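Heads up: the structure comes next, in C-alpha coordinates.
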Amino acid sequence: MASVEDTHWWFAARRMILESIIAGRILPSGADILEAGCGTGGNLAMLASRGHVHATEMNIEAMSFAVSRGIGDISAGRLPDDIGFGTQGFDLIVLLDVLEHIDDDCAALRALRKRLNPNGWLVVTVPAYPVLWGHHDEIHHHKRRYTLKTLCQAARTAGCSVSYVSHFNFWLFPAIALVRLVRRWTSSTRPENLMIPPSWLNAALTGLLASERYFLGRRRILPFGLSLVLVAQSDLNDSPAHIG
(Lines give C-alpha, C1' and ligand atoms only; values in the text may rest on other atoms or scores of the structure.)
Protein backbone atom coordinates (compact mmCIF):
# COMPACT_ATOMS: atom_id res chain seq x y z
CA MET A 1 0.00 0.00 0.00
CA ALA A 2 2.79 2.40 0.87
CA SER A 3 4.27 1.95 -2.60
CA VAL A 4 1.08 2.73 -4.53
CA GLU A 5 -1.32 4.88 -2.51
CA ASP A 6 0.17 8.21 -3.56
CA THR A 7 -0.59 7.59 -7.23
CA HIS A 8 -3.01 4.64 -7.58
CA TRP A 9 -6.27 5.87 -9.12
CA TRP A 10 -8.48 4.67 -6.27
CA PHE A 11 -6.51 6.40 -3.51
CA ALA A 12 -5.75 9.53 -5.53
CA ALA A 13 -9.36 10.06 -6.62
CA ARG A 14 -10.76 9.30 -3.17
CA ARG A 15 -8.47 11.99 -1.70
CA MET A 16 -9.76 14.50 -4.24
CA ILE A 17 -13.37 13.61 -3.41
CA LEU A 18 -12.75 13.87 0.33
CA GLU A 19 -10.87 17.14 -0.05
CA SER A 20 -13.88 18.59 -1.87
CA ILE A 21 -16.29 17.36 0.82
CA ILE A 22 -14.10 18.71 3.63
CA ALA A 23 -13.72 22.06 1.85
CA GLY A 24 -17.48 22.50 2.04
CA ARG A 25 -17.42 22.37 5.87
CA ILE A 26 -16.57 25.27 8.15
CA LEU A 27 -13.31 24.60 9.99
CA PRO A 28 -11.55 27.09 12.26
CA SER A 29 -8.17 28.51 11.37
CA GLY A 30 -5.51 26.02 12.44
CA ALA A 31 -8.09 23.25 12.84
CA ASP A 32 -7.14 20.17 14.84
CA ILE A 33 -7.65 17.12 12.65
CA LEU A 34 -7.54 13.41 13.47
CA GLU A 35 -7.29 10.52 11.05
CA ALA A 36 -8.19 7.35 12.91
CA GLY A 37 -6.54 4.41 11.19
CA CYS A 38 -4.21 6.31 8.86
CA GLY A 39 -2.53 3.22 7.39
CA THR A 40 0.71 4.23 5.69
CA GLY A 41 -0.25 7.90 5.70
CA GLY A 42 -1.42 8.62 2.17
CA ASN A 43 -4.04 11.14 3.33
CA LEU A 44 -1.86 13.11 5.74
CA ALA A 45 -0.62 15.76 3.29
CA MET A 46 -4.15 16.48 2.06
CA LEU A 47 -5.45 16.80 5.63
CA ALA A 48 -2.48 18.93 6.71
CA SER A 49 -3.55 21.58 4.20
CA ARG A 50 -6.61 22.13 6.45
CA GLY A 51 -4.91 22.32 9.83
CA HIS A 52 -2.73 20.41 12.28
CA VAL A 53 -2.94 16.66 11.74
CA HIS A 54 -2.94 13.92 14.34
CA ALA A 55 -3.23 10.28 13.30
CA THR A 56 -3.42 6.86 14.87
CA GLU A 57 -2.68 3.43 13.43
CA MET A 58 -2.81 0.01 15.09
CA ASN A 59 -0.43 -1.70 12.63
CA ILE A 60 3.09 -0.76 13.70
CA GLU A 61 4.64 -1.44 10.30
CA ALA A 62 2.09 0.76 8.55
CA MET A 63 2.54 3.43 11.23
CA SER A 64 6.28 3.51 10.56
CA PHE A 65 5.61 4.43 6.92
CA ALA A 66 3.21 7.16 8.05
CA VAL A 67 5.78 8.57 10.50
CA SER A 68 8.44 8.62 7.78
CA ARG A 69 6.38 11.17 5.86
CA GLY A 70 7.14 13.73 8.55
CA ILE A 71 3.59 15.10 8.61
CA GLY A 72 1.69 15.70 11.83
CA ASP A 73 1.70 13.71 15.05
CA ILE A 74 1.37 9.96 14.60
CA SER A 75 0.84 7.44 17.39
CA ALA A 76 -0.23 3.85 17.89
CA GLY A 77 -3.93 3.52 18.61
CA ARG A 78 -6.91 1.24 18.33
CA LEU A 79 -10.65 1.85 18.17
CA PRO A 80 -12.72 2.10 20.24
CA ASP A 81 -10.62 2.04 23.42
CA ASP A 82 -7.32 3.72 22.57
CA ILE A 83 -7.69 6.83 20.42
CA GLY A 84 -4.72 8.51 22.06
CA PHE A 85 -3.72 12.16 22.37
CA GLY A 86 -5.05 12.48 25.89
CA THR A 87 -8.23 14.54 26.03
CA GLN A 88 -7.46 16.43 22.83
CA GLY A 89 -10.60 17.53 20.98
CA PHE A 90 -10.78 17.72 17.19
CA ASP A 91 -12.51 19.95 14.68
CA LEU A 92 -12.42 17.21 12.04
CA ILE A 93 -12.12 13.46 12.42
CA VAL A 94 -11.84 11.20 9.38
CA LEU A 95 -12.29 7.43 9.38
CA LEU A 96 -11.58 6.23 5.86
CA ASP A 97 -12.36 2.60 5.03
CA VAL A 98 -11.65 1.58 8.61
CA LEU A 99 -15.05 1.10 10.22
CA GLU A 100 -15.73 -2.11 8.31
CA HIS A 101 -12.71 -3.69 10.06
CA ILE A 102 -14.00 -3.07 13.59
CA ASP A 103 -16.13 -5.56 15.50
CA ASP A 104 -18.21 -2.93 17.33
CA ASP A 105 -18.69 -0.15 14.81
CA CYS A 106 -21.14 1.80 16.99
CA ALA A 107 -18.66 1.85 19.88
CA ALA A 108 -15.94 3.13 17.55
CA LEU A 109 -18.14 5.93 16.22
CA ARG A 110 -19.28 6.80 19.74
CA ALA A 111 -15.68 7.08 20.94
CA LEU A 112 -14.79 9.36 18.03
CA ARG A 113 -17.93 11.46 18.45
CA LYS A 114 -16.92 12.15 22.05
CA ARG A 115 -13.64 13.62 20.78
CA LEU A 116 -15.32 16.14 18.46
CA ASN A 117 -15.08 19.80 19.41
CA PRO A 118 -18.31 21.81 19.32
CA ASN A 119 -19.36 22.14 15.67
CA GLY A 120 -16.72 19.55 14.72
CA TRP A 121 -17.17 17.20 11.77
CA LEU A 122 -16.86 13.43 11.39
CA VAL A 123 -16.26 12.05 7.87
CA VAL A 124 -16.53 8.29 7.30
CA THR A 125 -16.12 6.13 4.20
CA VAL A 126 -17.02 2.43 4.00
CA PRO A 127 -17.64 -0.21 1.31
CA ALA A 128 -21.24 -0.47 0.13
CA TYR A 129 -23.72 -3.28 -0.54
CA PRO A 130 -23.56 -6.51 1.49
CA VAL A 131 -24.60 -8.35 -1.68
CA LEU A 132 -21.12 -7.63 -3.07
CA TRP A 133 -19.42 -9.44 -0.19
CA GLY A 134 -16.69 -11.71 -1.51
CA HIS A 135 -13.06 -12.77 -1.45
CA HIS A 136 -11.93 -9.13 -1.61
CA ASP A 137 -13.61 -8.47 1.74
CA GLU A 138 -12.28 -11.62 3.33
CA ILE A 139 -8.63 -11.04 2.43
CA HIS A 140 -8.91 -7.45 3.68
CA HIS A 141 -10.39 -8.66 7.00
CA HIS A 142 -13.69 -6.83 6.62
CA LYS A 143 -16.45 -7.53 9.13
CA ARG A 144 -19.27 -6.14 6.98
CA ARG A 145 -20.33 -3.98 4.06
CA TYR A 146 -22.92 -1.23 4.55
CA THR A 147 -26.10 0.16 3.08
CA LEU A 148 -27.13 3.80 3.42
CA LYS A 149 -29.57 2.70 6.13
CA THR A 150 -27.16 0.62 8.21
CA LEU A 151 -24.41 3.25 8.08
CA CYS A 152 -26.81 6.00 9.18
CA GLN A 153 -28.19 3.74 11.91
CA ALA A 154 -24.70 3.09 13.28
CA ALA A 155 -23.90 6.81 13.31
CA ARG A 156 -27.16 7.78 15.01
CA THR A 157 -26.84 4.99 17.57
CA ALA A 158 -23.43 6.47 18.40
CA GLY A 159 -25.02 9.86 19.07
CA CYS A 160 -24.19 11.52 15.76
CA SER A 161 -26.38 13.82 13.72
CA VAL A 162 -26.02 12.85 10.06
CA SER A 163 -25.49 15.88 7.86
CA TYR A 164 -24.87 14.14 4.54
CA VAL A 165 -24.58 10.61 3.17
CA SER A 166 -24.14 9.31 -0.37
CA HIS A 167 -22.72 6.56 -2.47
CA PHE A 168 -19.60 7.20 -4.52
CA ASN A 169 -17.52 5.29 -7.05
CA PHE A 170 -20.63 5.55 -9.18
CA TRP A 171 -19.23 5.52 -12.73
CA LEU A 172 -17.23 2.33 -12.28
CA PHE A 173 -19.87 0.55 -10.22
CA PRO A 174 -21.42 -1.62 -13.00
CA ALA A 175 -18.12 -3.07 -14.21
CA ILE A 176 -16.54 -3.65 -10.80
CA ALA A 177 -19.75 -5.00 -9.25
CA LEU A 178 -20.11 -7.47 -12.13
CA VAL A 179 -16.54 -8.71 -11.64
CA ARG A 180 -17.11 -9.11 -7.90
CA LEU A 181 -20.35 -11.02 -8.41
CA VAL A 182 -18.85 -13.31 -11.06
CA ARG A 183 -15.94 -14.12 -8.76
CA ARG A 184 -18.37 -14.94 -5.97
CA TRP A 185 -20.58 -17.09 -8.20
CA THR A 186 -17.54 -18.98 -9.46
CA SER A 187 -16.04 -19.24 -5.96
CA SER A 188 -12.87 -17.61 -7.23
CA THR A 189 -10.14 -17.06 -4.63
CA ARG A 190 -7.70 -15.57 -7.10
CA PRO A 191 -5.40 -13.10 -5.27
CA GLU A 192 -6.12 -9.41 -5.76
CA ASN A 193 -2.84 -7.54 -6.08
CA LEU A 194 -2.84 -3.79 -5.52
CA MET A 195 -1.01 -2.62 -8.63
CA ILE A 196 -0.92 0.65 -10.53
CA PRO A 197 -2.27 0.15 -14.08
CA PRO A 198 -0.52 1.68 -17.10
CA SER A 199 -0.12 5.44 -16.69
CA TRP A 200 -2.73 6.37 -19.31
CA LEU A 201 -5.32 4.07 -17.73
CA ASN A 202 -4.44 5.16 -14.20
CA ALA A 203 -4.87 8.81 -15.21
CA ALA A 204 -8.19 8.08 -16.93
CA LEU A 205 -9.58 6.16 -13.95
CA THR A 206 -8.40 8.85 -11.54
CA GLY A 207 -10.13 11.55 -13.57
CA LEU A 208 -13.32 9.54 -13.94
CA LEU A 209 -13.70 8.73 -10.24
CA ALA A 210 -12.53 12.17 -9.10
CA SER A 211 -15.17 13.83 -11.29
CA GLU A 212 -17.76 12.66 -8.76
CA ARG A 213 -16.52 15.39 -6.41
CA TYR A 214 -18.52 17.90 -8.44
CA PHE A 215 -21.70 16.13 -7.31
CA LEU A 216 -20.84 14.99 -3.80
CA GLY A 217 -21.12 17.16 -0.72
CA ARG A 218 -23.49 19.69 -2.27
CA ARG A 219 -26.68 18.02 -1.07
CA ARG A 220 -26.59 15.88 -4.19
CA ILE A 221 -26.65 12.14 -3.66
CA LEU A 222 -25.35 9.55 -6.10
CA PRO A 223 -27.93 6.74 -6.25
CA PHE A 224 -25.45 3.86 -6.13
CA GLY A 225 -21.74 3.15 -5.98
CA LEU A 226 -19.15 0.81 -4.52
CA SER A 227 -18.57 3.01 -1.48
CA LEU A 228 -20.44 5.25 0.95
CA VAL A 229 -19.41 8.57 2.48
CA LEU A 230 -21.10 9.97 5.58
CA VAL A 231 -20.64 13.40 7.18
CA ALA A 232 -21.90 13.90 10.73
CA GLN A 233 -21.64 16.05 13.83
CA SER A 234 -22.21 15.33 17.49
CA ASP A 235 -25.88 15.15 18.35
CA LEU A 236 -25.18 15.47 22.07
CA ASN A 237 -23.76 18.18 24.30
CA ASP A 238 -20.76 16.26 25.64
CA SER A 239 -18.16 17.20 23.00
CA PRO A 240 -14.90 18.32 24.63
CA ALA A 241 -13.92 21.95 24.73
CA HIS A 242 -11.24 22.76 22.18
CA ILE A 243 -7.82 22.18 23.67
CA GLY A 244 -4.98 23.80 21.80
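The charge dipole of segment 107-188, taken about its Cα centre with unit charges on the Cβ of Lys, Arg, Asp and Glu (plus for the first two, minus for the last two), comes to roughly 280 debye.
Against the main long axis of the alpha-carbon atoms of the chain, helix 9-23 sits at an angle near 30°.
Positive-end ranking of L112, G70, T186 along the dipole of the chain, with charges on Cβ about the Cα centre, is headed by T186. Angle of helix 148-157 to the longest C-alpha principal axis of the chain, folded into 0 to 90 degrees and rounded to 10: 20°.
Note that segment 56-61 has calculated 3J(HN,Hα) couplings of 10, 7, 7, 8, 5, 5 Hz, one per residue in order, obtained from phi through the Karplus relation 6.51 cos²θ - 1.76 cosθ + 1.60 (θ = phi - 60°); glycine and proline are x.
In the chain, taking the dipole from charged Cβ atoms about the Cα centre, the farthest positive-side position among L151, V98, I196 is held by L151.
One decimal place: the segment T150-R183 gains 9.4 nm when fully extended, by the rule 0.36 nm per residue minus the C-alpha distance.
Every Cα-Cα pair in segment 58-149 was counted, and those over 16 Å apart are 62% of them. With an a/c value of 1.5 or above and a/b not larger than b/c for the gyration tensor axes a ≥ b ≥ c computed over the alpha-carbon atoms, segment 1-79 is described as oblate. Between the amide H of I83 and those of R78, distances stay under 5 Å, these residues lying 5 or more places away or on another chain, with hydrogens modeled in the peptide plane.
Across segment 105-156, the mean sequence separation of Cα contacts (distance under 8 Å, 6 or more residues apart), normalised by length, yields a relative contact order of 44 percent. Between the Cα long axis of helix 199-210 and the first principal axis of the chain there is an angle of about 50°, rounded to the nearest 10. Computed with every protein chain present, the accessible area of S29 is close to 120 Å² [probe 1.4 Å].
The values are calculated or read from the model by the stated rules, or taken from the named source; none is laboratory data. This is a predicted model, so every value here is computed, not measured. Quick reminder, even Gly has a Cβ in these numbers, built from the backbone with ideal geometry, and neighbours come from all protein chains shown. The protein model used for the area step is the full one, side chains on, heavy atoms only, and it has no ligands, DNA or RNA in it. Shrake-Rupley method; radii C 1.70, N 1.55, O 1.52, S 1.80 Å.
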